[in-house]
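Trainee: Below are the structure tokens for one structure; questions will follow.
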């Protein structure tokens, strides 16, 4: 191993993994933008259903879990990478639940059929969820890579000390 790599690994022992944490914060930001975009819509009474309540509850749980992961991954804990991948998969799966149903639905307002979610809004909210998932996957990859490298380096230091 060259000296620059050793110096970089040694510095990781005393610094935080801000790259992964920042990806988590971006994922949270895009989820909040998704949240705002969905819940500012008010087309008839379509949005007043149990699915919306479940979606709001999941959003709150997602925000808490993503923040928890950002704190764990910041400290090079590799196990949080797997939770981040799971959250990313769920973010992608969400595209096929509320946005897809709202995009396919129509309501009648004053005897005129109106699409619940326009094509533009559907594209935007799907993009927000996809970017959020991509940020989570990036955070997981960087966190796993750096966490594993630091764990291996710490193990080699312990082996040298013994």
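The values are calculated or read from the model by the stated rules, or taken from the named source; none is laboratory data. Every value quoted in this text rests on a predicted model; they were computed, and no experiment measured them. Note that we place each Cβ from the backbone using ideal geometry, even for glycine, and neighbour counts take in every protein chain shown.
Trainee: Given the residues 64, 57, 50, which is the only one that is exposed (fewer than 13 other Cβ atoms within 10 Å of the Cβ), at pLDDT 95 or above and under 16 Å from residue 98 (Cα atoms)?
Mentor: Unique residue meeting the criteria: 57.
Trainee: Taking only the stretch 125-162 into account, find how many residues are buried (at least 17 other Cβ atoms within 10 Å of the Cβ) and farther than 27 Å from residue 33 by Cβ.
Mentor: Total satisfying the criteria: 4.
Trainee: Taking the criterion of being in a helix (DSSP H, G or I), in contact with a strand residue (DSSP E or B) (Cβ under 8 Å, 6 or more places away or on another chain), surrounded by 14 or more Cβ atoms within 10 Å (Cβ to Cβ) and modelled with pLDDT under 95, would at least one residue in the stretch 114-124 satisfy it?
Mentor: no
Trainee: Mind telling me which of the residues 159, 155, 133 ends up being touching a residue at least 24 places away in the same chain (Cβ under 8 Å), in a helix (DSSP H, G or I) and under 30 Å from residue 17 (Cβ atoms)?
Mentor: Residue meeting the stated conditions: 133.
Trainee: Between a first residue in the stretch 40-62 that is at positive phi and touching a residue at least 12 places away in the same chain (Cβ under 8 Å) and a second residue that is surrounded by 10 or more Cβ atoms within 10 Å (Cβ to Cβ) and assigned to a loop (DSSP other than H, G, I, E, B), which pairs have beta carbons less than 8 Å apart while being 6 or more apart in sequence or on different chains?
Mentor: Sorted first by the residue in the stretch 40-62, then by its partner, the pairs are 44/116.
Trainee: Still on this structure, please answer the following. Checking the conditions here, which among 58, 76, 80 is in contact with a helix residue (DSSP H, G or I) (Cβ under 6 Å, 6 or more places away or on another chain) and part of a helix (DSSP H, G or I)?
Mentor: The conditions single out 80.
Trainee: Continuing with this model, one more query. Collect the residues in the stretch 3-36 that are more than 19 Å from residue 83 (Cβ to Cβ), under 17 Å from the mean Cα position of the chain (by Cα) and either surrounded by 13 or more Cβ atoms within 10 Å (Cβ to Cβ) or in contact (Cβ under 8 Å) with a residue 60 or more places away in the chain (or both), keeping them in residue-number order.
Mentor: Selection gives 32, 33, 34, 35.
Trainee: Residue check: is residue 42 over 17 Å from the mean Cα position of the chain (by Cα), exposed (fewer than 14 other Cβ atoms within 10 Å of the Cβ) and assigned to a loop (DSSP other than H, G, I, E, B)? Steps first, please.
Mentor: Working: over 17 Å from the mean Cα position of the chain (by Cα): yes; exposed (fewer than 14 other Cβ atoms within 10 Å of the Cβ): yes; assigned to a loop (DSSP other than H, G, I, E, B): yes.
Judged against the criteria, residue 42 is a match.
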